Amino acid sequence: RALGPGVLAPFKHGLSIYTGALPIVLAIWLVVFAATGMYDPRRTLSTIAARGADFRAVSLATLMVAAASFLSHFHYSRLMWLEFWALGLVLTWASRAFWGRVRERALTRPENVSRTLIVGCGDLGRIVLERLRQYPFGLEPVGFITTNGAPAEVDGLPVLGHLDDLPSLLAAHDV
């Protein structure tokens, strides 16, 4: 009951029981993650919203694995389920952080950045500019296109012309 030899209780089941269940656990995990949209490459959630989605998916996957275990009449301890859930959550968050950094670095490499124009100089256009500056989507804002006349500059970017001139503006600014 203590840590170390003679301290931790021996495993109730041999390691082969856990490794034998691994394919079923992984299948359930993958299906739950796919069903909850965890593999959607277009997910652009805030960090807090993404962590919440991860929390829900890991919790649901753990419950589904627990249900499968119950239905197979093989029972694990509550501590084992808590450890399984906590490890799943930590590993999910760590992998999301790692792949997020990889994606961010890839999108900000010069050969992967696309020059873009923002149509509209009003509040929505400013929000788009703010998001493009805040999140590395691989888009470099070059300027604004006005639809109804605007100042010469919006938030540090030039207003390059009117929407009617879009084809020539695209060519002129290498967009």
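Looking across 94, 86, 171, one residue alone is more than 30 Å from residue 37 (Cα to Cα) and without any contact (Cβ under 8 Å) to a residue 24 or more places away in the chain. It is 171. Listed conditions (1) part of a helix (DSSP H, G or I); (2) open to solvent by less than 40 Å² (accessible area, probe 1.4 Å); (3) at pLDDT below 90 are all met by residue 32, apart from (3). I'd like to verify a number: residues in the stretch 126-141 that are at pLDDT below 90 and open to solvent by less than 30 Å² (accessible area, probe 1.4 Å), how many? The total comes to 2. Residue 105 falls short of the stated requirement of being closer than 30 Å to residue 32 by Cβ and touching a residue at least 24 places away in the same chain (Cβ under 8 Å).
Residue 144 falls short on exactly one of the conditions (1) open to solvent by 20 Å² or more (accessible area, probe 1.4 Å); (2) of a type in the set (Phe, Trp, Tyr); (3) touching a helix residue (DSSP H, G or I) at 6+ places or on another chain (Cβ under 8 Å), and that condition is (1).
Does residue 72 meet the test of being in contact (Cβ under 8 Å) with a residue 60 or more places away in the chain and open to solvent by less than 90 Å² (accessible area, probe 1.4 Å)?
no
For residue 158, are the conditions met, namely being surrounded by fewer than 18 Cβ atoms within 10 Å (Cβ to Cβ), touching a strand residue (DSSP E or B) at 6+ places or on another chain (Cβ under 6 Å) and over 19 Å from residue 105 (Cα atoms)? Spelling it out, residue 158 is indeed surrounded by fewer than 18 Cβ atoms within 10 Å (Cβ to Cβ), touching a strand residue (DSSP E or B) at 6+ places or on another chain (Cβ under 6 Å) and over 19 Å from residue 105 (Cα atoms).
The values are calculated or read from the model by the stated rules, or taken from the named source; none is laboratory data. Remember, predicted model here, so these are calculated numbers, not experimental data. Ideal geometry is used to build each Cβ from the backbone, glycine not excepted, and the neighbour counts take in all protein chains shown. SASA here: full protein model, heavy atoms, side chains in, ligands and nucleic acids out. Shrake-Rupley method; radii C 1.70, N 1.55, O 1.52, S 1.80 Å.
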